[in-house]
Amino acid sequence: ADKSPVTEADNVAEELIIRGIREGVTSKWPIIAEEAVSRGEIPEINNAPFWLIDPLDGTKEFINRNGEFTVNIALINNGEPILGIVHAPAKKVTYVGFQEGVFRQRGEGDGVPISVRNPTKKGLIAILSRNHSNESSVDYLKSYQIKNTIEAGSSLKFCQIAEGSADIYPRLAPTMEWDTAAGHAILSFAGGTIVTLEDSPLKYGKSNFRNPHFVAQSANIRNFKHNGK
């Protein structure tokens, strides 16, 4: 419906992830999965915890073979992500965030704890979507002291803030809850935040699963806003 490309990989990956959760984790919580929702398969979530799945976030990156696509799995409770897994197969890196901590694993190595950084006095490192950046997002950054701007695809943008290689990511364009939930969990447990343009926390379980515009950020961002506002 949103003109996004869908590949066979999206559908196959989604089936495997759902089966893995149902057979290997739990069968009692609803699963909201991107491709199933597109087919009209939307279970009732009510007030129970529920899963949010994006089987292939960054389909354009997958098609273009630049490696910046991810598998996103999140568990939501009371409107907040309490578990997030972002796996980037081509880069052989996995990020996991939950109450006990947030970790990055490269290949078969051990998980390494990560956290957001305190920006230096020189300014912020901004990160923008490689394929979905727009003038509004660029204009938003003019309110801040920006040292450098980089680009990335998929939910890797949240992970880059979480591991301290970027500070702020404005998204003033449409997204769905499954696009952001896993990365949101990782960023939150690493010490960052995601807020709406009204400075309210980004919540999950909305009736249409659409997100408002938001800003993902590391620590002490306000110190780099012009005029301190």
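A few notes on this one:
- Breaking point among (1) at pLDDT 95 or above; (2) crowded, with 22+ Cβ neighbours inside 10 Å; (3) more than 20 Å from K206 (Cα to Cα), for N72: (3)
- Flag if A90 is at pLDDT 95 or above and outside any loop (DSSP other than H, G, I, E, B): no
- Qualifying positions in the stretch 176-202 - crowded, with 22+ Cβ neighbours inside 10 Å, more than 16 Å from F103 (Cβ to Cβ) and of a type in the set (S, T, Y): T180
- In the stretch 26-38, the residues that are outside any helix (DSSP H, G or I) and at pLDDT 90 or above: W29, P30, I31, I32, A33
- Residue count, the stretch 201-229 (criterion: of a type in the set (S, T, N, Q) and at pLDDT below 95): 5
- Close pairs (6 angstrom Cβ cut-off, 6 or more residues apart or separate chains): open to solvent by less than 60 Å² (accessible area, probe 1.4 Å) in the stretch 13-28, acidic (D, E) anywhere: E14/E35
- Verdict on R210 being under 28 Å from I42 (Cβ atoms), loosely packed, with under 13 Cβ neighbours inside 10 Å and under 14 Å from the mean Cα position of the chain (by Cα): yes
- The number of residues in the stretch 93-102 that are in contact with a strand residue (DSSP E or B) (Cβ under 9 Å, 6 or more places away or on another chain) and either open to solvent by 70 Å² or more (accessible area, probe 1.4 Å) or in a helix (DSSP H, G or I) (or both) comes to 1.
- Of residues in the stretch 138-175 being among the basic types (K, R) and open to solvent by 50 Å² or more (accessible area, probe 1.4 Å), the one nearest to P89 (Cα to Cα): K147
- Filter pass, E135 being acidic (D, E) and either touching an Asp or Glu at 6+ places or on another chain (Cβ under 6 Å) or open to solvent by 70 Å² or more (accessible area, probe 1.4 Å) (or both): yes
The values are calculated or read from the model by the stated rules, or taken from the named source; none is laboratory data. None of the values given here were measured: they were computed from a predicted structure. Quick reminder, even Gly has a Cβ in these numbers, built from the backbone with ideal geometry, and neighbours come from all protein chains shown. Only protein heavy atoms, including side chains, enter the accessible area calculation; ligands, DNA and RNA are left aside. Shrake-Rupley method; radii C 1.70, N 1.55, O 1.52, S 1.80 Å.
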